[in-house]
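S.K.: Structure incoming, see below.
The values are calculated or read from the model by the stated rules, or taken from the named source; none is laboratory data. Note that the coordinates shown come from a computational prediction; the quantities given were computed from them, not determined experimentally. For neighbour counting, all protein chains shown are included, and Cβ atoms are generated from backbone atoms with ideal geometry for every residue, glycine included. Note: accessible area is taken over every heavy atom of the protein model, side chains too, but ligands, DNA and RNA are not part of it. Shrake-Rupley method; radii C 1.70, N 1.55, O 1.52, S 1.80 Å.
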Amino acid sequence: MTDAAHAAMWERLDLDIEAHDALLAVLGKFYGDIYLSQQGRLKGAEYLDFVLSEVHGLRIKEIQDAKAAGKKVVGTFCVFVPEELTLAAGALQVGLCAGAKAGTEKAETLVPRGTCDLIKSFVGFKLARLCPYTESCDLVVGETTCDGKKKAYEAFGAHVNMHVMEVPQCKGPCDVDLFRAELARYKDALEALTGNAVTAASLAEATRRVNAKRRALQRLAKLRAADPAPISGRDALLVNQISFYDDPDRFTAKVNELCDEMEARIARGEGVASKGTPRLLLAGCPMAVPNWKLPYLIESSGAVIVGEESCIGERNTRDLTDETPADLEAMLDALAARYMKIDCACFTPNDERLTHIAAMARELKADGVVHYGLLFCQPYAHEAMKVGKAMEAAGLPYLAIETDYGMEDAGQLKTRVEAFVETLS
């Protein structure tokens, strides 16, 4: 697409063109400084660069073309919204803008000032008319994974067609039953939106496609256990972020190509950093595009990130959905069972997350764990303390960092990260 075609499309979506152009200019420079400056990147990273360069361009054009052909678009903020059901109803599912400070003043007319940046971001992107994904959506699906989100959705629902899924706070049998009922309610909402029935055949095919994407990401995650690391943490995070935006089948094929290249690099004993470079596992809050600050600070401080224990990482891909059920009701049971394995900080108790972090660190040969929390995110702030005690018991060096989307604290954070990495060398 030409710049003129992009601009015309954005005008049809009623974006604030001047503000959107300024946002893309900042994003482009930020991406260049953080990603294109890396040495020893995989050739397959060209796919990542292209997707990001056209994340508001060609991908939006594809979505608009799909809408013109009669498809509906569903936007989400959370991994608890099952892509299997969305695809089974013949709709597209996309992640929504929520990873940068945007429209903050406008956002604070709907949510309190002391709200985490992720919530302020998705509200700000909408009110400032900066996110073509949000403006393309026929339905936005929220979920009750934290008090801040569920209250924000009340106000956000005045601006978008909103469906909110109840996510239980515990994991007993009655809680699984509740979530199973929510899946049925979401299925009904999708059928009403699209006019398509979710059938056993359509859900089976959708489950296969989503599991294929997860298997590709699992493959990539396992390859990162090699030393030297075959891919940077920044690029691996970008792969996981793109999984929420790109066409699922194209994404799966491209990630498997990337894994082929990684395997060849491992066989040659090559990597993005020298053998023995301090290896860190990054745990905690999810990082939406373009929230790359902390990974950049870590990897410019003499370490390499070898895994992400977050929703933009292992928490989203660890478990597959059972493909063996043959009837629709059993398939919905399988979906409920799979999604209730997610160890989100919204659950109490959530001790399995502690076990998962320690196991990930061992499997990926991590020398230490960095826990990332967003300011004003109470669930992960509480869990950061529990994770610290668990890592101490496991003999793993641990650093807890709490920050926001701004760059004002970058120097202070880099000093802390460098001191932590120095203790590992």
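S.K.: Would you be able to tell me the number of residues in the range 67-106 that are of a type outside the set (A, V, I, L, M, F, W, C) and in contact with a Pro (Cβ under 7 Å, 6 or more places away or on another chain)?
M.R.: Number satisfying all stated conditions: 1.
Yes/no matrix, rows are residues, columns are (1) part of a helix (DSSP H, G or I); (2) surrounded by 14 or more Cβ atoms within 10 Å (Cβ to Cβ):
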| residue | (1), (2) |
| --- | --- |
| A22 | yes, no |
| F30 | yes, yes |
| D33 | yes, no |
| Q39 | no, no |
| E46 | yes, no |
| L52 | yes, yes |
| R59 | yes, yes |
| E62 | yes, yes |
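S.K.: Examine the range 129-136 for a residue that is charged (D, E, K, R), in a loop (DSSP other than H, G, I, E, B) and in contact with a strand residue (DSSP E or B) (Cβ under 8 Å, 6 or more places away or on another chain), and state whether such a residue exists.
M.R.: For the range 129-136, residues charged (D, E, K, R), in a loop (DSSP other than H, G, I, E, B) and in contact with a strand residue (DSSP E or B) (Cβ under 8 Å, 6 or more places away or on another chain): absent.
S.K.: So, one more: Would you point out which residue out of V123, V74 is open to solvent by less than 10 Å² (accessible area, probe 1.4 Å), under 28 Å from A7 (Cα atoms) and in a strand (DSSP E or B)?
M.R.: Working: V123 fails: in a strand (DSSP E or B).
It is V74.
S.K.: Which one of V81, V111, V73, V51 is in contact (Cβ under 8 Å) with a residue 12 or more places away in the chain, of a type outside the set (K, R) and touching a Ser or Thr at 6+ places or on another chain (Cβ under 7 Å)?
M.R.: Just one listed residue meets the conditions, V73.
S.K.: Here is a follow-up. Does K171 count as touching a residue at least 24 places away in the same chain (Cβ under 8 Å), surrounded by fewer than 19 Cβ atoms within 10 Å (Cβ to Cβ), of a type outside the set (S, T, Y) and part of a loop (DSSP other than H, G, I, E, B)? Break it down into steps so the answer makes sense when it comes.
M.R.: Details: touching a residue at least 24 places away in the same chain (Cβ under 8 Å): yes; surrounded by fewer than 19 Cβ atoms within 10 Å (Cβ to Cβ): yes; of a type outside the set (S, T, Y): yes; part of a loop (DSSP other than H, G, I, E, B): yes.
For K171, the condition - touching a residue at least 24 places away in the same chain (Cβ under 8 Å), surrounded by fewer than 19 Cβ atoms within 10 Å (Cβ to Cβ), of a type outside the set (S, T, Y) and part of a loop (DSSP other than H, G, I, E, B) - is met.
S.K.: Could you tell me whether the range 353-374 includes any residue that is open to solvent by 10 Å² or more (accessible area, probe 1.4 Å) and of a type in the set (F, W, Y)?
M.R.: no
S.K.: Next question, about the same structure. Go over the candidates A236, A197, A216 one by one and state the one that is in a helix (DSSP H, G or I) and either open to solvent by 10 Å² or more (accessible area, probe 1.4 Å) or without any contact (Cβ under 8 Å) to a residue 60 or more places away in the chain (or both).
M.R.: That would be A216, the only listed residue that is in a helix (DSSP H, G or I) and either open to solvent by 10 Å² or more (accessible area, probe 1.4 Å) or without any contact (Cβ under 8 Å) to a residue 60 or more places away in the chain (or both).
S.K.: How do the pairs read when you match residues in the range 278-302 that are of a type in the set (A, V, I, L, M) with residues anywhere that are part of a loop (DSSP other than H, G, I, E, B) and at pLDDT below 95, using Cβ under 6 Å and keeping only pairs 6 or more apart or on different chains?
M.R.: As it stands, the answer is A288/A98; A288/G99; V289/G99, since those pairs meet every condition given.
S.K.: Conditions: (1) open to solvent by 20 Å² or more (accessible area, probe 1.4 Å); (2) assigned to a helix (DSSP H, G or I); (3) in contact with a Ser or Thr (Cβ under 9 Å, 6 or more places away or on another chain). D227 meets all but one. Number of the miss?
M.R.: For D227, the failing item is (2).
S.K.: Which one of these is charged (D, E, K, R), within 18 Å of the chain's Cα centre (by Cα) and over 24 Å from K213 (Cα atoms): K101, K29?
M.R.: K101
S.K.: Can you confirm whether L87 is in a helix (DSSP H, G or I), within 30 Å of D319 (Cβ to Cβ), open to solvent by 20 Å² or more (accessible area, probe 1.4 Å) and touching a residue at least 60 places away in the same chain (Cβ under 8 Å)?
M.R.: Answer is yes for this residue.
S.K.: Let me ask something else about it. Between A181, A192, A158, which is open to solvent by 30 Å² or more (accessible area, probe 1.4 Å) and not in a helix (DSSP H, G or I)?
M.R.: Exactly one of A181, A192, A158 is open to solvent by 30 Å² or more (accessible area, probe 1.4 Å) and not in a helix (DSSP H, G or I), namely A158.
S.K.: Oh, and also: Picking from E383, E408, E418, which residue would you name as being modelled with pLDDT of 95 or more, within 28 Å of V289 (Cβ to Cβ), open to solvent by 10 Å² or more (accessible area, probe 1.4 Å) and touching a helix residue (DSSP H, G or I) at 6+ places or on another chain (Cβ under 8 Å)?
M.R.: Of the residues listed, the single one that is modelled with pLDDT of 95 or more, within 28 Å of V289 (Cβ to Cβ), open to solvent by 10 Å² or more (accessible area, probe 1.4 Å) and touching a helix residue (DSSP H, G or I) at 6+ places or on another chain (Cβ under 8 Å) is E383.
S.K.: Which condition number in (1) in a loop (DSSP other than H, G, I, E, B); (2) touching a Leu at 6+ places or on another chain (Cβ under 9 Å); (3) surrounded by fewer than 21 Cβ atoms within 10 Å (Cβ to Cβ) is the one that E261 fails?
M.R.: The one condition E261 does not meet is (1).
S.K.: Something else about it: All but one of (1) under 19 Å from H56 (Cβ atoms); (2) surrounded by fewer than 20 Cβ atoms within 10 Å (Cβ to Cβ) hold for P132, so report the exception by its number.
M.R.: Unmet for P132, out of (1) under 19 Å from H56 (Cβ atoms); (2) surrounded by fewer than 20 Cβ atoms within 10 Å (Cβ to Cβ): (2).
S.K.: For the range 90-102, state whether one or more residues are of a type in the set (S, T, N, Q), surrounded by 15 or more Cβ atoms within 10 Å (Cβ to Cβ) and out of contact with any Ser or Thr (no Cβ under 7 Å at 6 or more places or on another chain).
M.R.: Scanning the range 90-102, I find no residue that is of a type in the set (S, T, N, Q), surrounded by 15 or more Cβ atoms within 10 Å (Cβ to Cβ) and out of contact with any Ser or Thr (no Cβ under 7 Å at 6 or more places or on another chain), so the answer is no.
S.K.: Mind checking which residues of the range 142-155 are touching a strand residue (DSSP E or B) at 6+ places or on another chain (Cβ under 6 Å) and not in a helix (DSSP H, G or I)?
M.R.: Result: G142, E143.
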